[in-house]
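The structure appears right after this line, and notes come after that.
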Amino acid sequence: MLSAAAGAQFPSDHGVEVAFAGRSNSGKSTAINAITARHKLARTSKTPGRTRLLNFFSLGKDRRIVDLPGYGFAEGPREERAGWAPLIDALRPRASLKGLFLVVDCRRGLSESDLDLIEWADPSRRRVHVLLSKADKLTRAEGLKAHAAAVKSLGTHATVQLFSALRRIGIEDAQDRLQSWLESDVEAEKK
């Protein structure tokens, strides 16, 4: 739909938006592609920090997802990286922003930056769901342990699931969650 370098470039604030965020190289673009079943919707790269703007993707009439730049280690000029925080903050007051998928590499677990982003999303106003990505890299027991640790850390602030685009773990659950968020809020706006 469009890539925005400033809040003034965002689409009009109506409809329903769901943001995708995560540390650089957490598998965010891969998750977007798997969940939307569009293999090249979000550009993937092995180089951290390739997403440098807020990318808005249309999922139908008045329904969008927003791909946020990764945080943590990222390639790119320091001045450009410093501009990402104000850009992301410009997204926060939007009435159309109804939810956040936070992509976390399950081998690393939740970081302080991840918890800060959940606070930014304001779980009292918006739904937050954590995808513990790259679950295929763990044994079943390790995956269950990572999931339990995330559930304990998040409390009631967010829901969480294991996810792997490669092994197709949790894709349908994530698709169902995204669809329900997009549909429930569009129906609420009609009333």
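Some observations on this one:
- Every listed requirement among (1) among the hydroxyl-bearing types (Ser, Thr, Tyr); (2) over 23 Å from Arg177 (Cβ atoms); (3) at pLDDT 90 or above is met by Thr30 save one, (2).
- The set of residues in the stretch 123-138 that are surrounded by 13 or more Cβ atoms within 10 Å (Cβ to Cβ) and not in a helix (DSSP H, G or I) comprises Pro123, Arg126, Arg127, Val128, His129, Val130, Leu131, Leu132, Ser133, Lys134, Leu138.
- Of all the listed residues (Ser153, Ser164, Ser124), the sole one being over 13 Å from Phe101 (Cβ atoms) and either of a type in the set (Phe, Trp, Tyr) or in contact (Cβ under 8 Å) with a residue 40 or more places away in the chain (or both) is Ser153.
- Residue in the stretch 37-47 that is modelled with pLDDT of 90 or more and either touching a helix residue (DSSP H, G or I) at 6+ places or on another chain (Cβ under 8 Å) or assigned to a strand (DSSP E or B) (or both) present: yes
- Ala141 out of contact with any strand residue (DSSP E or B) (no Cβ under 9 Å at 6 or more places or on another chain), in a helix (DSSP H, G or I) and touching a residue at least 12 places away in the same chain (Cβ under 8 Å): no
- His157 satisfies every condition listed in (1) under 15 Å from Thr30 (Cβ atoms); (2) touching a helix residue (DSSP H, G or I) at 6+ places or on another chain (Cβ under 7 Å) except (1).
- Restricting the stretch 144-173 to residues that are assigned to a helix (DSSP H, G or I) and buried (at least 19 other Cβ atoms within 10 Å of the Cβ), the residue that is farthest from the chain's Cα centre (by Cα): Ala146
The values are calculated or read from the model by the stated rules, or taken from the named source; none is laboratory data. The structure displayed is predicted, hence computed values, not measured ones. Don't worry about glycine lacking a Cβ; one is built from the backbone with ideal geometry, like all the others, and counts go over all protein chains shown.
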